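Since every read-out is calculated from the coordinates, none of them should be taken as a lab result. Keep in mind the model is a prediction, meaning the values are calculated, not measured. Note: ideal-geometry Cβ built from the backbone for every residue, glycine included; neighbour counts use all protein chains shown.
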Amino acid sequence: MKNIKKFKIPKKMKWLFWSYDINSLDLNKDKDYIITQTLNYGTWEDVLWLFRVYKQEEIIKIIKNPNRGQWFKKVLNFWLLIFDIKLRKNIYQKALIDFYEF
């Protein structure tokens, strides 16, 4: 792991984590949430910050093991294509945000 202790979530990224006080987020313990939110909603600049903080292998691990109902279809497809990742159909379907569920 990179030395993430020297990093903090930039204030300009606060909007990505609307449910949390960014000062309470732990870059290690909350990395699933931070990585998923940034890849889903972040700007290219935010994504570049993410790759400075986390190793590519850590980011890929989050994409390979997506949280249920957390991913936009187009975003997940993009990152699966970029990293040449194949997900089982049931894992892929469960990962997607289901707007019709509400």
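In terms of modelled amide H atoms, which long-range or inter-chain residues lie less than 5 Å from the amide H of Phe72?
For Phe72, whose amide H was placed from the backbone, the distant partners under 5 Å are Ile97.
In debye to the nearest 20, how big a dipole does the stretch 43-102 give about its Cα centre with +1 on each Lys and Arg Cβ and -1 on each Asp and Glu Cβ?
320
Would you kindly derive the ³J(HN,Hα) couplings of the stretch 60-73 from the backbone phi angles with the Karplus curve 6.51 cos²θ - 1.76 cosθ + 1.60 (θ = phi - 60°), listing them in order in whole Hz, with x for Gly and Pro?
Using θ = phi - 60°, the values come out as 4, 4, 5, 5, 5, 10, x, 5, 5, x, 10, 10, 6, 4 Hz.
Looking at the chain as a GNM with Cα springs under 10 Å, which of Trp18, Trp71, Trp44 has the largest mean-square fluctuation?
Between Trp18, Trp71, Trp44, it is Trp18 that shows the largest mean-square fluctuation.
Which ³J(HN,Hα) values, rounded to whole Hz and listed in residue order, are derived for the stretch 17-31 from phi using the Karplus coefficients 6.51, -1.76 and 1.60 in 6.51 cos²θ - 1.76 cosθ + 1.60 with θ = phi - 60°, glycine and proline given as x?
After applying 6.51 cos²θ - 1.76 cosθ + 1.60, I find 10, 4, 8, 9, 7, 4, 6, 8, 6, 9, 4, 8, 5, 9, 5 Hz.
Do any of Lys31/Lys94; Lys8/Lys61; Lys64/Lys94; Lys29/Lys89; Lys11/Lys31 go past 23 Å between their Cα atoms, and which?
On the way: Lys31/Lys94 20 Å; Lys8/Lys61 21 Å; Lys64/Lys94 13 Å; Lys29/Lys89 28 Å; Lys11/Lys31 17 Å.
In this structure, Lys29/Lys89 exceed 23 Å between Cα atoms.
Sequence gap at least 6, Cα distance under 8 Å: using those rules, report the relative contact order of the stretch 28-101 to the nearest whole percent.
On the way: 47 pairs, mean separation 24.4, N = 74.
Rounded, it is 33 percent for the stretch 28-101.
Sorted from fewest to most neighbouring beta carbons within 10 Å, what does the list Trp15, Trp79 look like?
Arranged by neighbour count, lowest to highest, Trp15, Trp79 become Trp15, Trp79.
Å³ per residue of the Cα convex hull, for the stretch 7-53?
Dividing the Cα hull volume of the stretch 7-53 by its residue count gives 68 Å³.
Where does each of Thr36, Thr43 land when they are ranked from fewest to most other beta-carbon atoms within 10 angstrom? Don't skip to the answer; put the middle values down first.
Values: Thr36 21, Thr43 12.
So the ranking, lowest neighbour count to highest, is Thr43, Thr36.
Between the stretch 6-23 and the stretch 61-97, how far is it from one alpha carbon centroid to the other, in angstrom?
23
Report the Stokes-Einstein translational diffusion coefficient (µm² s⁻¹, integer) for the chain, Rh taken as the Kirkwood radius over Cα pairs, at 25 °C with viscosity 0.890 mPa s.
After rounding, the answer is 173 µm²/s.
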